[in-house]
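Below is one structure; the comments refer to it alone.
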Amino acid sequence: MATTASFIIVSRNDIPIYEAEVGSATKREDAAQLHQFVLHAALDIVQDLAWTTSAMFLKNIDRFNDLVVSVYVTADKSVRCITLKAFSIRYFLDIFKHTRLMLLHDSRNDDGIKSFFQEVHELYIKVLLNPLYLPGARIASSHFDTKVRALARKYL
Amino acid sequence: MKWFSVEDVSNLWPTVKDRFDERLPFRRASLNNKTRNPVFVENLNAEFILTTDSRLRSRFPQEQSLFWFREPYATVVLVTCEDLDEFKTILKPRLKLIVQNDEREWFIVFVSRAHPSNDNAIKSAKKVYDRVQVEFSTKKRERCCKFDIHGPEALFWEDLESKIMDCVRNTLDRRVQFYEDEIRKLSEQRFMPIWNFCNFFILKESLAFMFEMAHLYEDALREYDELELCYLETVNMIGKHRDFGGVEHGDDHAALLNPGNKPLSQIVQDDSFREFEFRQYLFAYQSKLLFKLNRPFEVASRGYSFVISFSKSLTSHEHKLPFCMREVWVITACWDLITASSSQYKAGLVAPDIEKEFYRLQGDLFSLGRVKFMRLAYLVGYGNDIERSPVNSASLSMLPWPRPSVWPSVPSEASSEVLEKEKLILQTTSKTKHFGIQRKELPLEPTVLLREANRRRASLSAGNAFEIFDGSDRSGPDGSSKSPNSQKKAGVSMSRTFSSPGNFEGSPDRPMRIAEIHVAAQHALQETISDEDLWKSLSSVEEFEKKYLELTKGAADNYHRSWWKRHGVVLDGEIAAVCFRHGNFDQAAKSYEKVCALYAGEGWQELLADVLPNLTECQKMLNDQAGYLSSCIRLLSLDKSLFLNKEREAFQAELVRLAHSELKDPVPLDVSSLITFSGIPGPPLELCDGDPGNLSVTVWSGFPDDMTLDSVSLTLMATFNADVGAKAVRSSTAMLKPGRNTITLSLLPPKPGSYVLGVLTGQIGQLRFRSHSFSKGGPADSDDFMSYEKPARPILKVFKPRALVDLAAAISSPLLINEIQWAGIVVRPIDYSLKGAILHIDTGPGLSIEKSFVIEMESCANLSQTEPDTPNSFDSQNGSPTANKQLEQLTLEDGKINFPDWASDMDSVIWVPIWAKSDSLPRGSSSVAPPRPNMVDGMRTIALNLEFGASHNQTFERTIAVHFSDPFHVSSRVIDKCNEGTLLLQVILQSQVKATLTVYDAWLELQDGFVHAGQGDGRPTLGSFPLAVSPTSKGGIIFNICLGKTIDENGAEKSESIVNIRYGISGDRTSGAHPPVAMEYSGSDASRKDLTFRSVLVLQRPVLDPCMAVGFLPLPSVDLRVGQLVPMKWRVEMLKDLEDKEISKHNVLYEVNANPENWMIAGRKRGYIPLSKKQGSRIVISVLCVPLVAGYVRPPQLGLPNVDESDISCNPPGPHLVCIMPPALSSSFCVPV
């Protein structure tokens, strides 16, 4: 198991909707913020990379000294509606913006991370299927949290 | 530089040299690259040198193969000759000798000096040149060209250039081939022990150099790339410990772009090169070539990865290198790369994505340099001037300290510096965050420097290291005290008791204090750093900040240009921090706002919580009240766990203080994030149109403490039409507790429709706040609004105007006119309370309310529930006593009745005593002229106006009609005329009311011309009283009268007869007419007061007595036939004596009228007939007529023109039509043929 691992789900609007420190190391008090910062900065890179590849799993996209950011980009699709008020026209654009599962980790176990991402993605889809869950809202389900932590123990 | 050797055979070179040199450099050439593909190169530099040149002579032959690239590419044999014999004997053998060395490319330039005017010379030169061509040119290759000094040159130069290029190409190909063969040979031996990298390097670099000279930079670059790969392999070979290098002075300054930094001979070591120098050397050449290829982007990108990887190697050799050598090297490398690549880079020449990437790399280089620079600054002791922001902390706290073999110690002469540093440290107070926010400051150090430095001092034993940690608990001002780890805390608790001056030169084993560490680092760095610029930047805090700002700005700008907005904006925040420290709040606020907008927009609250207080402070300094307040709100609306409750209370206190005191003008503020609201769960509040109401709204307050709102109002949006604005509802002051509150707002009467919640606005002191959020827990505003809609549950429904109450007349049957009657008004609330309702009653003309009597109000069973639409049911319902039957007497005040409470939601009847007056006497009708019912006569109106609703806002107006009528309708007829002239007059009384009427008496006052028969007093002949007349039934009374004259004493003539009827009435007010109100109150039957009804009867003497009668006597029974004579007979008879008539002549004029087409009249059509005036005289008039046509025809008519038609009864007499048969067949009409 990785000593440091910070997992975060970022919604299409770049809003973190789920955060978890899943590392085994005793948590430094300031670490959460730093991890957030690193992951947030990595969004810049994901945004560039996501268009260059069709792979969902982007491993080691950013490196921060010993810490590495890996990202799993989901393939969900959203329709954006643009209204031009001046012309009273509505455009519906298909815009692929992705939900991103991001992991800041120090382990090099790529396969494990990939499996972790895949399973969390499945969990996330289950959350999405919940009719009471608004897409883009914070995931507050404790069940989800428990499962994610279990997966982290298993794979990372 | 390419060389072409010139073999000047005929001593011509001095004369043509200038012309040859003019052609250089060659503008365009086609060469073959390493893969034998033609490549066009431009501006090929070259030089013509004589074979006798010293540069060519100094070579040792054995070196030639290795340094072949320096050899001339071609030999130009410059020759002239004008005599063929001379050529054959002297020149030819000499040339043969020169060109026999086939290794070298050569060609002959035959210079003709013949003047154009000299034909002979030209001819002979031509001859010689032909000869030269024959001798030296082959079919395969043309090796000769002719240069006419005096002739046109253009052709020759083209020829020459193509020849030279051929030679160059061939030479190059051959040499490349040679080098490649050599390299291949060497490569095959690579794993043999005798293999020498230097030889390989020389070959490779020669080849690369050659390519470079030929402007084949790509190939040259590839050679260097291969060389680097190969080198890295050899270097990393296990078991070979080589000197790394980098210990010489000046090595700290990266030379990765300076190929000539050190001569190769200094780099070489044994059979290889020192890594430090050689890798930089290789990279320098690579970047040089890349710049030549105009690819500064690649320089940056390769450079960045080179710096990273090289930095790693530096790390592994750090123990041998000077203190902080690695950091210094990285800084200088980054700076060099940035300067070089950006100066070479021309924007807009490359594809946009490359450009983006280039700027990103620049940003990366800037930030890499920035991080290392900060690390050095921290070591020197400028840690306090480095903002402890997430970005700095993230980059520094995960970056390990330099690991020198021995941490530098304080030089003996530096005691004063240490003192100074210590003073500085004491002076700097740790910054407090605004609002008293107590946050663990982010670390800038991976571990505590004090501990790290002391641990790395070789002379310090572990025991000593622990000694220094058990001092007092005073925290060091270097900021490291804020690190959370308890172990670290101990580490910082460096006791100041050590700091007695003069103690510096104590035992070397004594652990260093922080000031000492800084000074030691400073001295060590001074040793290390050779770059003046860098050292200057570290020499003072001001210089450090300048450089720091420069680097940060550079990184931020480049990140922005590369669209890495997050990186860019974060660094903007760092610039802001510096601006802030220097009091440039305007700039700081701008940058902080960007950062906050980024974090807030993407919802990274923890990061936002770090920056937002700074922005708030800036805004406070700038006196930007609106911004400051909104920042306070944002601080408050951040996740609760991010701040302590005390801090949140401080934010709120600040807000309230500003709102109530300092603000001069009202400031609008959006508090959507903090105050959210929603409707009360459950069905929406339902209101009727025009009603005010109270709307309860749940408001969640995010304030940590109670909040008093001076006013709250809420806008409601109508769902039916978005354009129609909103209705505001208000409430006065409200106190918001933290968490959930319920506020009741009073609604102004809204328009019908359903409403959803709009905006919550309100005021706190001078602060106008508004909130748009509907409920907590939902996601922040999302631009994906197709994915979900905001739940817009109607909160209020206002119904369309509908009947809320119904007023109706209780009874439809007529009441008694001219009597005080109860008029019932049914009040029927329709699902609506009539609490406190007021009824205005206004009677129409001819109707008045008897104020002397009270008004009664009684309940009736809910009609609406049972049979709502049939008011008739009222009657039946009323009969059955209901349990909650109410009866109340009310008084009328100013035409108003106040409803009692019990009547608010049940049906009730108001009984109003009214009196309809009618002055005219009712007129009876006779049997001759039947009565025409006239409803209008008895119709009276009552205008009702009901005010009801919570604030009497609802009104209901209705005018109800009350029908009044006389009890009877009187009609009369003469039943019989008796012989003696008496008439039996039947007076028929028809009841017009729904009540039983009892006639007690009746008498007739007759008009003139009629008298009562007998000695009657006008009473009916048969005393059958009392006579009861049921509703709608008739009763009759017969009077015996006769024609006659009475002389009235008064002499007044009565023109009308009047029938007087004394009657009683027994009826219920709920069904119609009833005894007058006064009577009810008077009590029992005994004192019953009979009512009198008078009605006019019109009696008329008979005026139309016909005095003659005309009769048509029957026709003979035989059929009438055409042409047959028919006697038509009429009988005229006098019916009475005609004394007074004018027509009383003896003769009566008659006239028979007939249609001449139908009838032929035989006899007198017109004439006088004698007729006695006596009654009963009669005469028959007979006229013969012949019908002329068959069919139904009108018979002739008899008229009496002189007699008034009214005097004739039965006029016209006779049948209307008679049937005429066709004539009987007659033989006389037959005509024999």
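The values are calculated or read from the model by the stated rules, or taken from the named source; none is laboratory data. Everything numeric in this text was worked out from a predicted model, so none of it was measured. Positions of Cβ are backbone-derived with ideal geometry, glycine not excepted, and every protein chain shown enters the neighbour counts.
Hey, which of the helices (runs of 4 or more DSSP H) in segment B:529-591, taking only ones fully inside, have at least 2 residues that are under 20 Å from B:Ala394 (Cβ atoms)? Where helices (runs of 4 or more DSSP H) fall fully within segment B:529-591 and carry at least 2 residues being under 20 Å from B:Ala394 (Cβ atoms), they are B:541-561, B:565-581. Looking across segment B:978-1010, not a single residue is surrounded by 23 or more Cβ atoms within 10 Å (Cβ to Cβ) and out of contact with any strand residue (DSSP E or B) (no Cβ under 8 Å at 6 or more places or on another chain). Comparison of B:Leu368, B:Leu361, B:Leu399 shows that the only residue that is part of a loop (DSSP other than H, G, I, E, B), under 25 Å from A:Val68 (Cα atoms), within 14 Å of chain A (Cβ to nearest Cβ) and hydrophobic (A, V, I, L, M, F, W, C) is B:Leu399. Would you check if there is a residue in segment B:599-611 being within 18 Å of B:Arg388 (Cα to Cα) and more than 13 Å from chain A (Cβ to nearest Cβ)? No - not one qualifying residue is present in segment B:599-611. Inside segment B:922-968, can you point out the residues that are among the acidic types (Asp, Glu) and either crowded, with 22+ Cβ neighbours inside 10 Å or modelled with pLDDT of 75 or more (or both)? If the condition is that a residue be among the acidic types (Asp, Glu) and either crowded, with 22+ Cβ neighbours inside 10 Å or modelled with pLDDT of 75 or more (or both), then B:Glu947, B:Glu957, B:Asp966 are the ones that fit. Evaluating B:Glu1142 against the criteria (1) part of a strand (DSSP E or B); (2) at pLDDT below 80 leaves one unmet condition, (1). For first residues located in segment B:133-158 and among the small types (Gly, Ala, Ser), partners that are part of a loop (DSSP other than H, G, I, E, B) and lie 6+ apart or on another chain with Cβ distances below 7 Å form the pairs B:Ser137/B:Arg143; B:Gly151/B:Pro116.
Scanning segment B:344-372 for residues that are among the hydroxyl-bearing types (Ser, Thr, Tyr) and either modelled with pLDDT under 85 or more than 47 Å from the chain's Cα centre (by Cα) (or both) turns up just one, B:Tyr345. Among the residues making up segment B:552-598, those that are within 13 Å of chain A (Cβ to nearest Cβ) and of a type in the set (Phe, Trp, Tyr) are B:Tyr559, B:Trp563, B:Trp564. Residues of segment B:604-619 include at least one that is touching a Cys at 6+ places or on another chain (Cβ under 7 Å), part of a helix (DSSP H, G or I) and among the hydroxyl-bearing types (Ser, Thr, Tyr).
For segment A:29-45, indicate whether the set of residues that are touching an Asp or Glu at 6+ places or on another chain (Cβ under 7 Å), modelled with pLDDT under 80, part of a loop (DSSP other than H, G, I, E, B) and within 12 Å of another protein chain (Cβ to nearest Cβ) is non-empty. No, the conditions are met nowhere in segment A:29-45.
Restricting attention to segment B:620-650, and to residues there that are part of a helix (DSSP H, G or I) and of a type in the set (D, E, K, R), which single residue is nearest to the other protein chains (Cβ to nearest Cβ)? Ranking the qualifying residues of segment B:620-650, first place goes to B:Lys640. Determine, yes or no, whether B:Ser117 is among the polar types (S, T, N, Q) and either part of a helix (DSSP H, G or I) or in contact (Cβ under 8 Å) with a residue 60 or more places away in the chain (or both). Here the answer is no, as B:Ser117 does not meet what is asked. Contact map, segment B:632-660: residues that are more than 20 Å from B:Cys596 (Cβ to Cβ) paired with residues that are buried (at least 18 other Cβ atoms within 10 Å of the Cβ), Cβ distance under 6 Å, separation 6+ or inter-chain. Pairs shown: B:Asn645/B:Pro704; B:Glu649/B:Pro704; B:Ala659/B:Ile764; B:Ala659/B:Gly765; B:Ala659/B:Leu767; B:His660/B:Gly765. Checked against (1) among the small types (Gly, Ala, Ser); (2) within 22 Å of B:Arg375 (Cα to Cα); (3) buried (at least 19 other Cβ atoms within 10 Å of the Cβ), B:Ala589 passes all but condition (2). Quick one: count up the residues across segment B:69-98 that are under 30 Å from B:Lys204 (Cα atoms) and at pLDDT 75 or above. Count: 5.
Answer yes if at least one residue in segment A:75-94 is more than 14 Å from chain B (Cβ to nearest Cβ), at pLDDT 55 or above and assigned to a helix (DSSP H, G or I), and no otherwise. No: segment A:75-94 contains no residue that is more than 14 Å from chain B (Cβ to nearest Cβ), at pLDDT 55 or above and assigned to a helix (DSSP H, G or I). Does at least one position in segment B:404-412 carry a residue that is closer than 21 Å to B:Ala333 by Cβ and either in contact with a Cys (Cβ under 7 Å, 6 or more places away or on another chain) or within 12 Å of chain A (Cβ to nearest Cβ) (or both)? Within segment B:404-412, not a single residue is closer than 21 Å to B:Ala333 by Cβ and either in contact with a Cys (Cβ under 7 Å, 6 or more places away or on another chain) or within 12 Å of chain A (Cβ to nearest Cβ) (or both). Scanning segment B:92-106 for residues that are farther than 12 Å from B:Asp8 by Cα and touching a strand residue (DSSP E or B) at 6+ places or on another chain (Cβ under 8 Å) yields a total of 4.
From the list B:Ser393, B:Ser342, the lone residue that is more than 14 Å from chain A (Cβ to nearest Cβ), in a helix (DSSP H, G or I), surrounded by fewer than 24 Cβ atoms within 10 Å (Cβ to Cβ) and not aromatic (Phe, Trp, Tyr) is B:Ser342. Residues that are in contact (Cβ under 8 Å) with a residue 12 or more places away in the chain, β-branched (Val, Ile, Thr) and farther than 30 Å from B:Arg28 by Cα within segment B:188-238 comprise B:Thr234, B:Val235, listed in sequence order.
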